[in-house]
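Before any comments, here is the structure.
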Amino acid sequence: MTIRFWQLKLITFYSMLMFINTLAYADEISGQQQVFDKANRLYASEQDATEVLPINVEILSLKNLSEHDRLTAQVKLLAFQELGLVLNHAEQYILHLIRANIANIPGQEYKVINWLNKAIKLEAFIAKKQLDEPLFASAYLTLANVYHSQGEEKKAFDSKEQYISKYFAHLEQQKSLRIKRLNAKYDIEKRDEENELLSQNNKIKQYALEHAESERNQQNRNIAIFIAAAIVLFLLLLRQFKIHKALIVLAKTDSLTQLPNRRSFFGNGHIYMEQALRDDKELSVLMLDIDHFKSINDEFGHDIGDQLICHIAALAGETMRSRDFLARIGGEEFAAILPDANIEQARAIAERMREKIQDECYQAKYKHTPISVSIGLASIKVVNDNFDSLLHAADMAMYQAKANGRNQVCSYCTEKKEKAD
């Protein structure tokens, strides 16, 4: 009875799949244009190419679903078409992308290309700034992948180039928008300052007119003017001091991670080393580099790469002692000064840092990509010529860690002993 029950269950499930695929195929062959043709007739007037068209939230949800669950997306697409809604060109564009995602299986590449080309034909009716958004530009990336799988590298390259062009155009658009907001904010502040200065000038004129009425009143008003001018001057000086202080902080801070930058690191490094040599104390330097970072950047994009750099900066900072000095000195490179730490203590800190980054980056699920770092160490007891030499020794140890297979810690003193042997 159990075997027969499971046989019936499998036959029922297979029949449902065949029914759904038959509906989808019939819709694609004979009725795939029904909803779109109806929308085209009702939406016959061409949109203004500068107008950003609204997009139904159900279409956006269906787009996200089609990227992860094609079968469910196909069923929901059929139900959505039954509603007979009037769609604008942007929504038609997204529905073509959904159909391309649903058809994106081995052996169906021609269907994917067909739907994507239909989507691209609608670009004349959609504003460029909307087309440059990742939601729309992803059509070219999908097209590039399909061409690449078919071995048509020239078409794949051209599609990828189109995607990259739209991606950078979108970034420029966002940048321009931020600049406009900053300019508007600056104009408001400038207008407030001008109004304040105008108010001060009106007061001065009022004081001058009152001087003609009475010498005593004029003296009182002169005192008031002097106090007001002193307050204004003090406020201006205070504001200038705050601006100057903020600029100094920005000059020494990495804008992405908010850690000290390369300039600040070297400036403090020489001071730390001079103090350690003068007081005959321990000092170690740590160099950290993210393994295979270029591959991660190329595969997932610069946004994910920047998020990873910030995440690793935070994890590394958590393993630092309060007196240690951690900085970002390059793209994916970090360095730290460890006062009063010999090479064994520095290795213990580095191992904790390496393990914490490996474990927590894996838990963060960077698309199931293992994240690791290579760390090099150098001690003032081995290299004490100057801070640049000490940092160079740590850098050599870091490259030794990469040469040994990455995701490990190497110290310069160990490297020297091995070479001597």
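The values are calculated or read from the model by the stated rules, or taken from the named source; none is laboratory data. This structure is a prediction, so every number in the text was calculated from the model and none was measured. Glycine also receives a Cβ, built like all others from the backbone with ideal geometry; neighbour counts cover every protein chain displayed.
Is at least one residue of region 313-322 assigned by TED's automatic domain parsing to the domain that holds Ser411, loosely packed, with under 12 Cβ neighbours inside 10 Å and polar (S, T, N, Q)? Yes: one or more hits.
Can you tell me how many residues within region 371-398 are of a type in the set (Gly, Ala, Ser) and over 30 Å from the mean Cα position of the chain (by Cα)? Let's see the steps before the verdict.
Initially, region 371-398 is screened for residues of a type in the set (Gly, Ala, Ser), giving 372, 374, 376, 378-379, 389, 393-394, 397.
This time we only want the ones that are over 30 Å from the mean Cα position of the chain (by Cα), so: 378-379, 389, 393, 397.
Total satisfying the criteria: 5.
Mind listing whichever residues of region 141-154 are assigned to a helix (DSSP H, G or I) and over 16 Å from Lys111 (Cβ atoms)? Write out each step before concluding.
Let us first name the residues in region 141-154 that are assigned to a helix (DSSP H, G or I), namely 141-149, 153-154.
Leu141, Ala144, His148, Glu153, Lys154 - these are the residues of region 141-154 that are assigned to a helix (DSSP H, G or I) and over 16 Å from Lys111 (Cβ atoms).
Among the residues of region 263-280, are any closer than 24 Å to Asn384 by Cβ and not in a helix (DSSP H, G or I)? Yes, that holds for at least one residue.
What helices (runs of 4 or more DSSP H), lying completely within region 302-404, carry at least 2 residues that are farther than 19 Å from Gln258 by Cβ and not hydrophobic (A, V, I, L, M, F, W, C)? Spell out the reasoning first.
On the way: elements: 302-319, 343-363, 387-403.
Correct list: 343-363, 387-403.
Among residues of region 117-131 that are at positive phi and of a type in the set (A, V, I, L, M), none has a Cβ under 7 angstrom from a residue that is at pLDDT 90 or above and in a helix (DSSP H, G or I) at a sequence gap of 6+ or on a separate chain.
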